[in-house]
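Worksheet: the structure to be examined is printed underneath.
What follows draws every value from the coordinates through simple rules; no lab data is involved. From a predicted model like this one, the values you see are computed outputs, not experimental measurements. Note that each Cβ is placed from the backbone with ideal geometry, even for glycine, and that neighbours are counted across all protein chains shown.
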């Protein structure tokens, strides 16, 4: 959440951000108007409170019963006016704060200005496409040909955009999750096993609500929501706490299934397992001192680069532009890997610095060692990695002419074989 002080002291910064993101800069004027009316209401309430206090003192000194009763009546009128001012104050604050909470994060100066994903900037391309002496198949043909990727039964069980993995492909995915978690632990991240559901206030703290309410699955009777990403419970893990400065930075990793209701169009873009309502992901998360978050972002970017290289992927790194960057992010790097069967770049990771945007929403601070006063922590997040698309890239890059898939050596202990063949 943005600091209301920024809107009061430098509203043009927020207007510029909204314009760059493709939003409505007039929202700032509406918020400022509400804030001015709120402050006027506070002033009126304080004035009435002072009047009530001074009149009440006079009542105690009054000797004439009639004058005393008149004063009591005046105090009651003031009391009623004060209650009305307090009610207006609360209503204005609630409306203003709701609008502020719907504002996205300010942008880092390094974030390029753009109008859409075509304006994202490729800053690095690593490796070369795998060479084939045959036409590589897309993963949906490979999986069905192996008899280990079942779309029909996925739809029968849960509806469109669900699928079933069997046997070796199921073991490959399970092994990949374990391997990724081990990789992150070796890189200094502490593993957490988290609930796959959360409460509304946790989603708000992470910046998912109110903006993405329609994309999240919710229990109809209770305040229970299925997590759309492990970033949500990782963000809420220390909510409401004041951390000691010497405990920072904190680095966490967690695996969760992710659930999203987003509407999807028909066609090639959604074929196979690339986009589904349920998918697996391993997440990375950091809490840092404000002065150290830029360095932490670079550390995360290098860590994910090492991960992509360890997987043997041909990948590229993009810096997202202002119109494509996430709601809570100041600066974001996307990692895309090449899928030779689909013939497209697939996003497998996104690494972002959110500054103090999330910590303000969830009340997470650290104690400044010099002033001993609480200050806002900076948060960073990244995918490490998204499983369906990483699986796609492994399957398509390691396929053979007969439709079998060579299991990468580091995953063979999990799969139990060197080559995945039709069952």
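Considering only 129, 388, 138, the mean-square fluctuation computed in a Gaussian network model of the chain, springs between alpha carbons under 10 angstrom, is largest for 129.
How much length is gained if the chain between residue 241 and residue 10 is pulled fully straight, taking 0.36 nm per residue apart and subtracting their Cα-Cα distance, in nm to one decimal? Walk me through the numbers before you get to the answer.
On the way: separation 231, 0.36 × 231 = 83.16 nm, distance 2.94 nm.
The residue 241-residue 10 span can extend by a further 80.2 nm.
Please arrange 289, 118 by counting, for each residue, the other beta carbons lying within 10 Å of its beta carbon, fewest first.
Details: 289 17, 118 9.
Sorted ascending by nearby Cβ count, the order is 118, 289.
Per residue, the average separation of C-alpha pairs within less than 8 Å and at least 6 apart gives the stretch 1-159 a relative contact order of 28 percent. Across 19, 111, 390, mean-square fluctuation computed from a Gaussian network of the chain (C-alpha pairs under 10 Å connected) peaks at 19.
Of all beta bridges DSSP finds with both residues in the stretch 104-255, what is the antiparallel percent, to the nearest 5?
Working: 5 of 8 bridges.
About 60 percent, rounded to the nearest 5.
Each part gets one Cα centre, and for the stretch 329-346 versus the stretch 26-51 those centres are 47 Å apart.
The stretch between residue 222 and residue 66 holds 50.4 nm of extra length on full extension. This uses 0.36 nm per residue minus the Cα-Cα distance.
Here is the size of the chain from its Cα atoms: Rg then Dmax, 27.5, 109 Å. Going from the fewest other Cβ atoms within 10 Å to the most, the residues 12, 280 appear in the order 12, 280. Shape of the stretch 203-357 from the C-alpha gyration tensor: oblate (a/c of 1.5 or more and a/b not above b/c, with a ≥ b ≥ c the square roots of its eigenvalues). Spatial offset of the stretch 355-369 relative to the stretch 381-410 amounts to 38 Å, using the alpha carbon center of each.
Look at the alpha carbon pairs under 8 Å that are at least 6 residues apart: their mean separation over the length of the chain gives a relative contact order of 20 percent.
If you stretched the chain out fully between residue 423 and residue 80, how much longer would it get, using 0.36 nm times the residue separation minus the C-alpha to C-alpha distance? Before the final figure, lay out each step's value.
Numbers: separation 343, 0.36 × 343 = 123.48 nm, distance 7.94 nm.
Between residue 423 and residue 80, full extension yields 115.5 nm more.
Going from the fewest other Cβ atoms within 10 Å to the most, the residues 255, 366 appear in the order 255, 366.
For the stretch 158-223, what does the alpha-carbon gyration tensor say about shape, rounded, prolate or oblate, given a ≥ b ≥ c as the root eigenvalues, a/c under 1.5 as rounded, and a/b over b/c as prolate?
Details: a/c = 2.81, a/b = 1.34, b/c = 2.10.
Oblate is the answer for the stretch 158-223, as a/c is 1.5 or above yet b/c matches or exceeds a/b.
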